[in-house]
Amino acid sequence: MTVDELLAPSDVLVGLRAATKNALLEDLARRAAAALGIGPDAILPALARREHLGSTGIGDGIALPHARLEAVSRPYGILARLREPIDFEAVDDNPVDLVFLLLLPAPARHEPLNALACVARRLRDPETAAALRGARDAAALYAAVTGG
């Protein structure tokens, strides 16, 4: 699985503003719900349950909020570069400025684990992270994360 199988160019956001982690998750849940044609009330509680288990802030300014949902038939992602970093309770206590929301099908299959590992590996690559932070617009951000 590759990032371009999880992410459409239209689901890349540059300069997103969020005051808090909860506000960011609400915004991303609303956007994902609109794109997938499902209710945001199904997405946000699932994201909150996952965050309750431990922050999905994986360090180095990166967060990978994710959840499994019955209403999702294939992995779906949104990539956002925040205008200002926010506290995400990350494992290294550093604020987050790169966020990749990943929604996965609820029935456990290998595909969702591969999707999460694929995104984590790509974003944790120092060259990719630098390119994402330096991208001037959504098209450049998409190219940086997909390697295109």
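The values are calculated or read from the model by the stated rules, or taken from the named source; none is laboratory data. Treat the numbers as computed from the prediction; the structure is a model and nothing was measured. As a convention, Cβ positions derive from the backbone with ideal geometry for all residues, glycine included, and neighbour counts pool all protein chains shown.
Filtered by the rule that a residue be at pLDDT 95 or above, in a strand (DSSP E or B), within 13 Å of the chain's Cα centre (by Cα) and of a type in the set (A, V, I, L, M, F, W, C), segment 60-102 gives I62, A63, I78, L79, A80, L82, V96, L98, V99, F100, L101, L102.
Quick one: is A71 farther than 27 Å from D93 by Cβ, in contact with a Leu (Cβ under 9 Å, 6 or more places away or on another chain) and of a type in the set (G, A, S)? If you could, list the steps in order and put the result at the bottom.
Details: farther than 27 Å from D93 by Cβ: yes; in contact with a Leu (Cβ under 9 Å, 6 or more places away or on another chain): yes; of a type in the set (G, A, S): yes.
Judged against the criteria, A71 is a match.
Please specify each residue of segment 1-57 satisfying the condition of being in a loop (DSSP other than H, G, I, E, B) and within 21 Å of R133 (Cα to Cα).
T2, L6, L7, A8, R17, A18, A19, T20, T56
Of all residues in segment 31-70, those satisfying the criterion of being in contact with a Pro (Cβ under 7 Å, 6 or more places away or on another chain) and within 18 Å of R81 (Cβ to Cβ) are T56, G61.
I'd like to verify a number: residues in segment 65-89 that are closer than 13 Å to G54 by Cβ, surrounded by fewer than 20 Cβ atoms within 10 Å (Cβ to Cβ) and free of Cβ contacts under 8 Å to residues at least 60 places away in the same chain, how many? Walk me through how you get there before you give the answer.
First, the residues of segment 65-89 that are closer than 13 Å to G54 by Cβ: 65-66, 88-89.
This time we only want the ones that are surrounded by fewer than 20 Cβ atoms within 10 Å (Cβ to Cβ), so: 89.
Those left that are additionally free of Cβ contacts under 8 Å to residues at least 60 places away in the same chain: none.
Adding up the residues that qualify gives 0.
Note on segment 44-63: residues that are hydrophobic (A, V, I, L, M, F, W, C), farther than 16 Å from L13 by Cβ and surrounded by 16 or more Cβ atoms within 10 Å (Cβ to Cβ) amount to 4. Residue pairs whose Cβ atoms lie under 8 Å apart, sitting 6 or more positions apart in sequence or on different chains, and linking a residue in segment 101-115 that is loosely packed, with under 12 Cβ neighbours inside 10 Å to a partner that is at pLDDT 65 or above, are A108/R68.
Number of residues in segment 50-96 that are farther than 21 Å from A138 by Cα and aromatic (F, W, Y): the value is 1.
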